[in-house]
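Trainee: Just passing along the structure, written as structure tokens.
Every number here is computed from the coordinates shown, using simple stated rules; none is lab data. None of these values were measured; they are calculated from a predicted model. When we count neighbours, we look across all protein chains shown, and the Cβ atoms used for this are built from the backbone with ideal geometry, even at glycine.
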Amino acid sequence: MLDDLDRRILRHWQADASLSPAELAERCAVAPGKVARRIARMQENGVIKGVAAVVDWAALGYAVEVALRVTLDKTVSRAFDDFIEAAREVPEVIEIQTFLGRVDVRLNIIARDMPHYQDIYRDRILTLPHIADIEALMQIARIKADEALPL
Amino acid sequence: MTDLDDIDRALVRALARDASQSAGALGRRLGLSQPATWRRIRKLEATGVLRGRQLRLNAEALGFGVTVFLGVKLATKGRVSLEDFERAVSAIPEVQQVEHVLGLYDYRLRVVARDLPDFERVLRRRIMTLPGAGEVEANVMLSEERRPGPL
């Protein structure tokens with residue numbers, strides 16, 4: 001289980017993932033070796049999955065981001081597997097989530113502009129298998145995106 | 001918008017997976033010198049293609065067993081109510097993402113909780129009491145997959 005120091009390390013690191021272990025040690029006011037050992041242990045037991053660079057798709061010319069909420073035809077037994085397998089083949093799909101609720105699957109899609117989105121939607125999304133219904137939520141602004149856990 | 005060559009794209013892909021890799025190690029895999037790799041990474045950061053880093057944690061291992069996506073409709077609209085709502089919702093520690101969207105809902109939230117009773121507490125005490133919050137739809141996430149995107 002995690003103790004106070006582990007949580008403190010994670011809180012500081014979550015707030016600024018570019019901090020080095022030495023800087024984390026300074027913020028937590030403990031010896032660098034101690035922090036390094038704690039980090040190594042949390043990596044080993046899978047609490048820390050890693051540090052990832054965040055890609056800004058808008059800076060790469062992908063100005064449009066849409067969340068598609070998909071309901072599948074559940075009378076088909078392999079509906080989820082077939083749909084997700086096919087959705088993975090669409091490069092513009094950047095997130096796939098499955099749900100318990102009114103929505104079965106959510107695809108996050110990026111496109112350069114509306115004509116490009118239209119092309120992807122018609123040629124790549126509507127052709128995915130076992131779709132019963134689709135609703136689109138177009139992103140206007142990202143207000144909060146840190147994905148931090150309330151530790 | 002920034003145009004990337006194949007090496008830039010490979011760098012972005014690699015760093016989005018694991019940002020802790022050194023410029024030397026990345027360069028060796030891509031047939032670049034350490035300084036040349038470092039310069040490219042700096043440029044990707046300066047042009048905003050790489051927008052910082054994010055610590056990826058295993059939410060379940062840290063006791064957050066439930067992730068819920070909420071669609072929220074505002075009961076009253078107008079500029080002031082949007083700002084009030086955004087400020088208040090962003091301040092809730094369990095809310096990891098807030099997106100202003102166009103479609104069936106006004107906002108899309110990603111919320112973490114320890115378990116379903118804990119989620120109910122967050123929903124009743126924090127979300128439903130937000131200024132202007134109207135209809136809310138909840139979908140409990142079962143699985144999630146992040147894709148590399150069109151690189």
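Trainee: With r as the distance between the Cβ atoms of B:ALA91 and A:ALA132 and R0 = 35 Å, compute the FRET efficiency 1/(1 + (r/R0)^6) and round to 0.05.
Mentor: Once the sixth-power term is evaluated, E becomes 0.40.
Trainee: For the range A:101-151, what are Rg and Dmax over the alpha carbons, in angstrom?
Mentor: Cα radius of gyration and Dmax of the range A:101-151 are 14.3, 43 Å respectively.
Trainee: Now, a different point. GluC sites (Glu not before Pro), restricted to the range B:63-107: which are DSSP loop and have at most 13 other Cβ atoms within 10 Å?
Mentor: Passing both the DSSP loop test and the Cβ count: no residue.
Trainee: Another one. By how many nm would the segment from A:GLN43 to A:GLU89 grow when fully extended, if each residue of separation counts as 0.36 nm and the alpha-carbon distance is taken off?
Mentor: Extra length available between A:GLN43 and A:GLU89 comes to 13.5 nm.
Trainee: Counting pairs of alpha carbon atoms under 8 Å apart in space and at least six apart in sequence, what relative contact order in percent does the range A:22-151 give?
Mentor: Relative contact order of the range A:22-151: 29 percent.
Trainee: Given Cβ point charges of +1 (Lys, Arg) and -1 (Asp, Glu) and nothing else, what value in debye, to the nearest 20, does the dipole of the range A:5-57 about its Cα centre take?
Mentor: Rounded to the nearest 20 debye, it is 320 debye.
Trainee: Now for a separate question. Viscosity 1.002 mPa s, temperature 20 °C: Stokes-Einstein D of chain A from its Kirkwood Cα radius, in µm² per second?
Mentor: So the translational diffusion coefficient is about 116 µm²/s.
Trainee: What does the convex hull of the Cα atoms come to per residue for the range A:57-138, in Å³?
Mentor: So the per-residue Cα hull volume is 81 Å³.
Trainee: Where does each of B:VAL72, A:VAL30, B:VAL101 land when they are ranked from fewest to most other beta-carbon atoms within 10 angstrom?
Mentor: A:VAL30, B:VAL101, B:VAL72
Trainee: Can you pull the one-decimal nm distance between simple spin-label points at A:MET1 and B:GLU45, each 7 Å off the Cα toward Cβ?
Mentor: 3.9 nm
Trainee: Quote the FRET efficiency, to the nearest 0.05, computed for B:LEU151 versus A:ARG102 with a Förster distance R0 of 41 Å and r equal to the Cβ-Cβ distance.
Mentor: The pair B:LEU151/A:ARG102 has a calculated efficiency of 0.80.
Trainee: Given contacts defined as C-alpha pairs under 8 Å and at least six residues apart, what's the relative contact order of chain B, whole-number percent?
Mentor: Worked out over chain B, it gives 26 percent.
Trainee: Report the FRET efficiency, 1/(1 + (r/R0)^6), for A:ASP56 and B:GLU60, where r is their Cβ-Cβ distance and R0 is 25 Å, rounded to 0.05.
Mentor: Efficiency, rounded to the nearest 0.05: 0.35.
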